[in-house]
Amino acid sequence: MYSGNRSGGQGHWEGGGAAGAEGLGPAGTLSPAPLFSPGTYERLALLLGSIGLLGVGNNLLVLVLYYKFQRLRTPTHLLLVNISLSDLLVSLFGVTFTFVSCLRNGWVWDTVGCVWDGFSSSLFGIVSITTLTVLAYERYIRVVHARVINFSWAWRAITYIWLYSLAWSGAPLLGWNRYILDVHGLGCSVDWKSKDANDSSFVLFLFLGCLVVPLGVIAHCYGHILYSIRMLRCVEDLQTIQVIKILRYEKKVAKMCFLMIFIFLIFWMPYIVISFLVVNGYGHLVTPTVSIVSYLFAKSSTVYNPIIYIIMIRKFRRSLLQLLCFRLLRCQRPAKDLPANGSEMQIRPIVMSQKDGDRPKKKFLFLR
């Protein structure tokens, strides 16, 4: 792992010779010796380019759908859009630095670029896991306590999410740990290996505040959700059509949120395990190849959320189909048939009745 001093001067590689040479180039760039063959760098560039393009395209599509279709503007969907926004920023900023470095067979940015890469990756990653935690809590208060959240609650939650994430990712900028070049030499992260008490304390609290506590909250919320749904099934007096429809809707959204959390952990688990090994003194087991594979898995997490939205949320599917049909009809119709004022062509809605597309508004209490 590359380790530089806090003033940004000359650094050194720790963990033997697996990480290559070190030093600052003539232009002030961090310039470790190439750790992979030119062909490997080309394949990594292809993979990262694909991840970046898919991440930008998929998440930008979610933002466009949310902006264009009123039916998607709900507090829950606003939280989903927050995840897509953070994933879009990761695809634009986090992947780009590594992609360019792969094209140049090594890290080509200076110390400031390394700090920005580590800061932005940490910020957007923490935003994602924190938003997933808030989604679990939102499902909890809706299913267990039968409370409906509003946009004011959702906007406050998003504000707290970004402030919380900014506090953790900004701490290394103020001297509590630091951002350094990672083992694979193509990206930067916090200094996991440092034995300094100041650095080690940050790593400990980072694990607690951004992994252990969120997972604990998620487990607590979904445990109560499953219990409440099971208890509701046992109450025959509540088995009306309205309650069954509400229960089916809440279960479907809860399943989607749980699937998002599960896949997020699957993609991030290799990186978490490797970081945990380095923290506990087993950094010599982490080769550049193992490190870059875990890095690719983590960056790939930016691609799948929009796919889950389209598959599991009917309103997103209908909005996407309506958008595609509108664009197709605009391309097929002659120019003279288009509206003269340039306004959008009115498409007959797929859902003819609100009761088929909107969630019932009736409130009820879950019995315990």
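Restricting the first residue to segment 181-192 and requiring it to be closer than 13 Å to Thr111 by Cα and without any contact (Cβ under 8 Å) to a residue 24 or more places away in the chain, which pairs with a second residue that is of a type in the set (A, V, I, L, M, F, W, C) and in a strand (DSSP E or B) meet a Cβ separation below 8 Å and a spacing of at least six or different chains?
none
Taking the criterion of being under 28 Å from Arg314 (Cα atoms), at pLDDT 90 or above, under 13 Å from the mean Cα position of the chain (by Cα) and outside any loop (DSSP other than H, G, I, E, B), would at least one residue in segment 141-160 satisfy it?
No, segment 141-160 contains no residue that is under 28 Å from Arg314 (Cα atoms), at pLDDT 90 or above, under 13 Å from the mean Cα position of the chain (by Cα) and outside any loop (DSSP other than H, G, I, E, B).
So Leu65 ticks every box in (1) part of a helix (DSSP H, G or I); (2) in contact with a Phe, Trp or Tyr (Cβ under 6 Å, 6 or more places away or on another chain); (3) farther than 19 Å from Phe258 by Cα but one. Which box is left unticked?
Just one mismatch for Leu65, condition (2).
Residue check: is Leu30 within 30 Å of His284 (Cα to Cα) and at pLDDT below 90?
Values: within 30 Å of His284 (Cα to Cα): yes; at pLDDT below 90: yes.
Against the criterion (within 30 Å of His284 (Cα to Cα) and at pLDDT below 90), Leu30 qualifies.
Collect the residues in segment 278-297 that are free of Cβ contacts under 8 Å to residues at least 40 places away in the same chain and either buried (at least 19 other Cβ atoms within 10 Å of the Cβ) or more than 29 Å from Gly49 (Cβ to Cβ) (or both), keeping them in residue-number order.
Result: Asn280, Gly281, Tyr282, Leu285, Ser294.
Could you check, for segment 208-219, whether at least one of its residues is surrounded by 14 or more Cβ atoms within 10 Å (Cβ to Cβ), more than 15 Å from Val134 (Cα to Cα) and without any contact (Cβ under 8 Å) to a residue 24 or more places away in the chain?
No, because not a single residue in segment 208-219 is surrounded by 14 or more Cβ atoms within 10 Å (Cβ to Cβ), more than 15 Å from Val134 (Cα to Cα) and without any contact (Cβ under 8 Å) to a residue 24 or more places away in the chain.
So that you can scan it fast, the table gives a plain yes or no per residue for (1) of a type in the set (A, V, I, L, M, F, W, C); (2) surrounded by fewer than 17 Cβ atoms within 10 Å (Cβ to Cβ):
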site	(1), (2)
Gly49	no, yes
Leu53	yes, yes
Asn59	no, no
Leu63	yes, yes
Val81	yes, no
Ser84	no, no
Thr98	no, no
Leu103	yes, yes
Trp107	yes, no
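The values are calculated or read from the model by the stated rules, or taken from the named source; none is laboratory data. Every value quoted in this text rests on a predicted model; they were computed, and no experiment measured them. Positions of Cβ are generated from backbone atoms using ideal geometry, with glycine treated the same way; all protein chains shown enter the neighbour counts.
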